[in-house]
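Asker: One structure coming up, written as structure tokens, with questions to follow.
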Number of protein chains: 4
Amino acid sequence: MARKILVTGFEPFGGETMNPAWEAVRALPDAIDGAQVAKVEIPVVFGRAPEAVEAAIERESPDLVLCVGQAGGRAKLTPEFVGINCADGRIPDNDGYQPAGEKIEPDGPDAYFATLPVKAMAQAMSEAGVPADVSYTAGTYVCNDVMYALLHALATRHPGVRGGFLHVPYATEQATHLPAVTPSMSVPTMTEGLRVALSAALAHEEDVAVSTGITH
Amino acid sequence: MARKILVTGFEPFGGETMNPAWEAVRALPDAIDGAQVAKVEIPVVFGRAPEAVEAAIERESPDLVLCVGQAGGRAKLTPEFVGINCADGRIPDNDGYQPAGEKIEPDGPDAYFATLPVKAMAQAMSEAGVPADVSYTAGTYVCNDVMYALLHALATRHPGVRGGFLHVPYATEQATHLPAVTPSMSVPTMTEGLRVALSAALAHEEDVAVSTGITH
Amino acid sequence: MARKILVTGFEPFGGETMNPAWEAVRALPDAIDGAQVAKVEIPVVFGRAPEAVEAAIERESPDLVLCVGQAGGRAKLTPEFVGINCADGRIPDNDGYQPAGEKIEPDGPDAYFATLPVKAMAQAMSEAGVPADVSYTAGTYVCNDVMYALLHALATRHPGVRGGFLHVPYATEQATHLPAVTPSMSVPTMTEGLRVALSAALAHEEDVAVSTGITH
Amino acid sequence: MARKILVTGFEPFGGETMNPAWEAVRALPDAIDGAQVAKVEIPVVFGRAPEAVEAAIERESPDLVLCVGQAGGRAKLTPEFVGINCADGRIPDNDGYQPAGEKIEPDGPDAYFATLPVKAMAQAMSEAGVPADVSYTAGTYVCNDVMYALLHALATRHPGVRGGFLHVPYATEQATHLPAVTPSMSVPTMTEGLRVALSAALAHEEDVAVSTGITH
């Protein structure tokens, strides 16, 4: 039976009028390497965002889930290695909620590693000409909330489904009103990177053994 | 009579296999707002680069000259405000020459300001969704060599011709093998920015009076 | 009975002739707020570094352990929130070993949170005029190896002992031969920051509930 | 007869309560290599700042003038190579004035190069363990206003007096409330750098012929 991929992207937040994560996701093809692609936009709200992801998992029964969010200031596409059991907002979410270091799952472990092959994904994007690197922090905002809750849900309630998170930079258009040094990426480049990354995730059950570590 | 624009872009240097400046220039349309566009690739060599620019000026008799170069590490398209009478290379040029603080023109003034409307150009690019900012240093390498020598040539030998320089970031493809924080821009975005900037340069004989200064 | 603090700092690595972590640690006073301070220099070697830390714990029987390492490129003192079960070296360690994504503890959890009050420590340093921020990634090199292994050792073999890790920037002297944009900090400023941070760690059994999160 | 040095530093601006430029200058010794050191605090106001410098020149009759300002965001001490004939403020000065690209001297040349040996000064600071680099833009704010007007005054009204400008980073204390990536430097390190730089300026009538250029 054909495999199915669920890809989510966030609505705008932080005063922006667009979110490149959702723009990049919505432009993905409806099938990648024979796998069907379901796309869902989710809110930038602690708790409600992971609920929307799990509702989509129950509706779509995917084999693989990739949630995508914006990391303004980064220069590359960055598959995330780890999600942590901590919700801490330097700015309020889109419902006005601003946690100060709460547990996402009171009885959950401190962290979960992504179950997608993040190194193979970064490598495949780079080889396709799309700047990419593995990241070792997804922050503590709604992106990490979604990543940790997704991996907790998959580990405890959806055995066999693999999942992870990927951050995208600001879109080119957003950088026009930001400081001169702010990196950005065109949305078509992001979409091509996501397509290649998902293809690599389908192809690799296990990650490749190359070093992508960071000294600190 | 129809106006004519001369646009130059550099060959690759510093170990790279492409130079986004030339890639962006070569993809420009052959006419912008009714003005004919002549495109010339020039070498990354002190002295020989400005000679190639001046030979093209004599051949093409343009009304307006824009030289384009790569500024790896910048995040935006940056029309340059000033070229200085100083050649100083942290790396050798493509002929192996590495000056340590020589005058470009022994009897020339310390600097020339661009005679293109750099603020109007940056503003027009930003409004078109292309990240842009006025820059107040073109460095001391072959880019500045071309800018200073061009403005000296226009001031002393080609009255009435306006000229300037514009730096572009790394192309998206180049950033794949560079550190995670390295900004880049897609070549089609650069070409669109150049087209809009040249249109603004044609439209504004005088620059607009908005602040684009930098605190330091 | 008087409390005891164990503080460790690394030897030089990566071609440098000094390590500001050890320089800052060795200059600490022998007592802080009545607690005795034991200082130990440890090697930049996967596996051997955490062994040296645990040997010192067994020898000194501290109430509180803070390991300190260099994070070249950072601008502030950064108490680390989390250590992850992953050893991955972009460069070899001082014994020439370069893991490519191995588990530090084959049966350990994916991560441990520091058991020191990292927010209170960052806040106290800032109030004392020393730039500080909580960090949410300790990387994947020997610093993280020490942090994860320390927290695993404390959780499984040394109940009641609290521990954590703190990264320091390059020392002022090191930055002279590094690129113009490289941040650094004077070693006396680091030592003063460490002293204030350890004082805060002694004073706070529980961390303060302020937001120090990062958006991504 | 003993030589005399005039060193100026700015008052606070931009919402800060201290200016590290003046703090570093005021802590200089009263004599360097036998030359007397006169120190003057000047306002962050276009026009009035260079007037204060010239009044001090007339009062003190120095052989050498170094004006010092803050360049928040830089990581090193940066002697400036060139001042340009342009006043352009991204923020208003301390009198509320915000020029949008005016000439500083209506009939002055586009730029003046510093007449201090900036390369020798940067080299001497680095050798003394103080991070330093030559800078090729002093911006367009009051710092550049002072630098350009100083060099114009020396060239036209004070023959034989050498002059220049040097930018300092944020002080360590200022960075506590700035973003995590903001570089800073301790004021004692700045003062030591200034002392060494002034010593080098006294020793070198001509600059050294080493490359300190920037690619862009």
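The values are calculated or read from the model by the stated rules, or taken from the named source; none is laboratory data. None of these values were measured; they are calculated from a predicted model. Backbone-built Cβ (ideal geometry, glycine too); neighbour counts: all protein chains shown. Side chains are part of the model used for accessible areas, which takes the heavy atoms of the whole protein and leaves out ligands, DNA and RNA. Shrake-Rupley method; radii C 1.70, N 1.55, O 1.52, S 1.80 Å.
Asker: Based on this model, can you work out whether D:L202 counts as touching a residue at least 12 places away in the same chain (Cβ under 8 Å), closer than 24 Å to D:D93 by Cβ and hydrophobic (A, V, I, L, M, F, W, C)? Can you show your working first?
Answerer: Working: touching a residue at least 12 places away in the same chain (Cβ under 8 Å): yes; closer than 24 Å to D:D93 by Cβ: no; hydrophobic (A, V, I, L, M, F, W, C): yes.
In short, no.
Asker: A further question on this structure: Look at the stretch A:90-108 and say how many of its residues are facing another protein chain (nearest Cβ under 10 Å) and more than 20 Å from C:I214 (Cβ to Cβ).
Answerer: Total meeting the criteria: 0.
Asker: Of the residues that make up the stretch A:68-78, is at least one closer than 16 Å to A:L6 by Cα and not in a helix (DSSP H, G or I)? Give the derivation first.
Answerer: Going residue by residue through the stretch A:68-78, those that are closer than 16 Å to A:L6 by Cα are A:68-69.
Remaining after also requiring not in a helix (DSSP H, G or I): A:68-69.
Taking every residue of the stretch A:68-78 in turn, at least one turns out to be closer than 16 Å to A:L6 by Cα and not in a helix (DSSP H, G or I).
Asker: If I go through the stretch D:118-132 residue by residue, how many of them are in a loop (DSSP other than H, G, I, E, B) and crowded, with 24+ Cβ neighbours inside 10 Å? Steps first, please.
Answerer: Quick first cut of the stretch D:118-132, residues in a loop (DSSP other than H, G, I, E, B) only: D:128-131.
Restricting the remaining residues to those that are crowded, with 24+ Cβ neighbours inside 10 Å gives D:130-131.
The total comes to 2.
Asker: From C:A122, C:A128, C:A111, grab the single residue that is at the interface with another protein chain (Cβ under 7 Å from one of its Cβ atoms), hydrophobic (A, V, I, L, M, F, W, C) and closer than 19 Å to C:T212 by Cβ.
Answerer: Working: C:A122 fails: at the interface with another protein chain (Cβ under 7 Å from one of its Cβ atoms); C:A128 fails: at the interface with another protein chain (Cβ under 7 Å from one of its Cβ atoms).
Unique residue meeting the criteria: C:A111.
Asker: Name the residues in the stretch A:26-63 that are open to solvent by less than 20 Å² (accessible area, probe 1.4 Å) and small (G, A, S), would you?
Answerer: A:A35, A:A38, A:A49, A:A56
Asker: Hey, another quick one. Can you name the number of the only condition in (1) farther than 21 Å from C:G108 by Cβ; (2) at pLDDT 95 or above; (3) aliphatic (A, V, I, L, M) that A:A180 fails?
Answerer: It is condition (2) that A:A180 fails.
Asker: Of everything in the stretch A:178-192, what is open to solvent by less than 70 Å² (accessible area, probe 1.4 Å) and assigned to a loop (DSSP other than H, G, I, E, B)? Give them in sequence order.
Answerer: Selection gives A:L178, A:A180, A:T182, A:P183, A:S186.
Asker: Filter the stretch D:4-23 down to residues that are closer than 17 Å to D:V146 by Cα and free of Cβ contacts under 8 Å to residues at least 60 places away in the same chain and give me whichever is surrounded by the fewest Cβ atoms within 10 Å (Cβ to Cβ).
Answerer: Among those residues, the one meeting the criterion is D:P12.
Asker: Among B:G139, B:G96, which is assigned to a loop (DSSP other than H, G, I, E, B), at positive phi and open to solvent by less than 10 Å² (accessible area, probe 1.4 Å)? First the steps, then the outcome.
Answerer: Values: B:G96 fails: open to solvent by less than 10 Å² (accessible area, probe 1.4 Å).
Of the residues listed, the single one that is assigned to a loop (DSSP other than H, G, I, E, B), at positive phi and open to solvent by less than 10 Å² (accessible area, probe 1.4 Å) is B:G139.
Asker: Condition (residue is farther than 29 Å from D:P188 by Cβ and in contact with a Leu (Cβ under 6 Å, 6 or more places away or on another chain)) applied to the stretch D:112-131: is it met by at least one residue? If you could, list the steps in order and put the result at the bottom.
Answerer: Let us first name the residues in the stretch D:112-131 that are farther than 29 Å from D:P188 by Cβ, namely D:112-113.
With the extra rule that they be in contact with a Leu (Cβ under 6 Å, 6 or more places away or on another chain), the set shrinks to D:112.
For the stretch D:112-131, residues farther than 29 Å from D:P188 by Cβ and in contact with a Leu (Cβ under 6 Å, 6 or more places away or on another chain): present.
Listed here are the residues, each with its yes/no results for (1) open to solvent by less than 20 Å² (accessible area, probe 1.4 Å); (2) β-branched (V, I, T); (3) out of contact with any strand residue (DSSP E or B) (no Cβ under 9 Å at 6 or more places or on another chain); (4) part of a helix (DSSP H, G or I).
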{"position": "D:R90", "(1), (2), (3), (4)": "no, no, yes, no"}
{"position": "D:G101", "(1), (2), (3), (4)": "no, no, no, no"}
{"position": "D:P109", "(1), (2), (3), (4)": "no, no, no, no"}
{"position": "D:L116", "(1), (2), (3), (4)": "yes, no, no, no"}
{"position": "D:N144", "(1), (2), (3), (4)": "yes, no, no, yes"}
{"position": "D:P159", "(1), (2), (3), (4)": "no, no, yes, no"}
{"position": "D:G163", "(1), (2), (3), (4)": "yes, no, no, no"}
{"position": "D:T176", "(1), (2), (3), (4)": "no, yes, no, yes"}
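Asker: Could you please find all residues in the stretch D:19-67 being assigned to a loop (DSSP other than H, G, I, E, B), among the small types (G, A, S) and farther than 17 Å from D:R162 by Cα?
Answerer: Step one: of the stretch D:19-67, the residues assigned to a loop (DSSP other than H, G, I, E, B) are D:19, D:27-30, D:33-34, D:43-47, D:61-63.
Subsequent filtering for residues that are among the small types (G, A, S) retains D:27, D:34, D:47, D:61.
Scanning the stretch D:19-67 gives D:A27, D:G34, D:G47.
Asker: Over 22 Å from A:V187 (Cβ atoms), touching a Gly at 6+ places or on another chain (Cβ under 7 Å) and at the interface with chain C (Cβ under 10 Å from one of its Cβ atoms) - does that describe any residue in the stretch A:77-84? Break it down into steps so the answer makes sense when it comes.
Answerer: Applying the first criterion (over 22 Å from A:V187 (Cβ atoms)) to the stretch A:77-84 yields A:81-84.
Going one step further and asking which of them are touching a Gly at 6+ places or on another chain (Cβ under 7 Å), we end up with none.
Checking the stretch A:77-84: not a single residue is over 22 Å from A:V187 (Cβ atoms), touching a Gly at 6+ places or on another chain (Cβ under 7 Å) and at the interface with chain C (Cβ under 10 Å from one of its Cβ atoms).
Asker: While we're here: Given the criteria touching a residue at least 12 places away in the same chain (Cβ under 8 Å), more than 13 Å from chain B (Cβ to nearest Cβ), open to solvent by 10 Å² or more (accessible area, probe 1.4 Å) and not in a loop (DSSP other than H, G, I, E, B), does D:A155 qualify? Show your work before the answer.
Answerer: Details: touching a residue at least 12 places away in the same chain (Cβ under 8 Å): yes; more than 13 Å from chain B (Cβ to nearest Cβ): no; open to solvent by 10 Å² or more (accessible area, probe 1.4 Å): yes; not in a loop (DSSP other than H, G, I, E, B): yes.
When the stated conditions are applied, D:A155 does not pass them.
Asker: What number of residues in the stretch B:196-207 are in contact with a strand residue (DSSP E or B) (Cβ under 9 Å, 6 or more places away or on another chain), surrounded by fewer than 20 Cβ atoms within 10 Å (Cβ to Cβ) and either over 22 Å from D:N85 (Cα atoms) or among the β-branched types (V, I, T) (or both)?
Answerer: Residues in the stretch B:196-207 being in contact with a strand residue (DSSP E or B) (Cβ under 9 Å, 6 or more places away or on another chain), surrounded by fewer than 20 Cβ atoms within 10 Å (Cβ to Cβ) and either over 22 Å from D:N85 (Cα atoms) or among the β-branched types (V, I, T) (or both): 2 in total.
Asker: Let me ask something additional. If you go through the stretch A:2-45 one residue at a time, how many are in contact with a Pro (Cβ under 6 Å, 6 or more places away or on another chain) and under 25 Å from A:E105 (Cα atoms)?
Answerer: 2
Asker: Next question. For the stretch B:193-216, how many residues meet the condition of being more than 14 Å from chain D (Cβ to nearest Cβ) and either part of a loop (DSSP other than H, G, I, E, B) or not hydroxyl-bearing (S, T, Y) (or both)? Outline the logic, then answer.
Answerer: Initial filter on the stretch B:193-216 (more than 14 Å from chain D (Cβ to nearest Cβ)): B:193-203, B:205.
From what's left, either part of a loop (DSSP other than H, G, I, E, B) or not hydroxyl-bearing (S, T, Y) (or both): B:193-198, B:200-203, B:205.
Summing the residues that are more than 14 Å from chain D (Cβ to nearest Cβ) and either part of a loop (DSSP other than H, G, I, E, B) or not hydroxyl-bearing (S, T, Y) (or both) in the stretch B:193-216 gives 11.
Asker: Now, a different point. Cβ-Cβ below 6 Å, separation at least six or inter-chain, first residue in the stretch D:47-75 and farther than 23 Å from C:V181 by Cβ and in contact (Cβ under 8 Å) with a residue 24 or more places away in the chain, second open to solvent by 10 Å² or more (accessible area, probe 1.4 Å) and in a loop (DSSP other than H, G, I, E, B): which pairs?
Answerer: Sorted first by the residue in the stretch D:47-75, then by its partner, the pairs are D:A49/D:P43; D:D63/D:R3.
Asker: So, one more: Out of curiosity, is D:E80 open to solvent by 20 Å² or more (accessible area, probe 1.4 Å), of a type in the set (D, E, K, R) and in contact (Cβ under 8 Å) with a residue 12 or more places away in the chain?
Answerer: Values: open to solvent by 20 Å² or more (accessible area, probe 1.4 Å): no; of a type in the set (D, E, K, R): yes; in contact (Cβ under 8 Å) with a residue 12 or more places away in the chain: yes.
So D:E80 does not fit the description; no.
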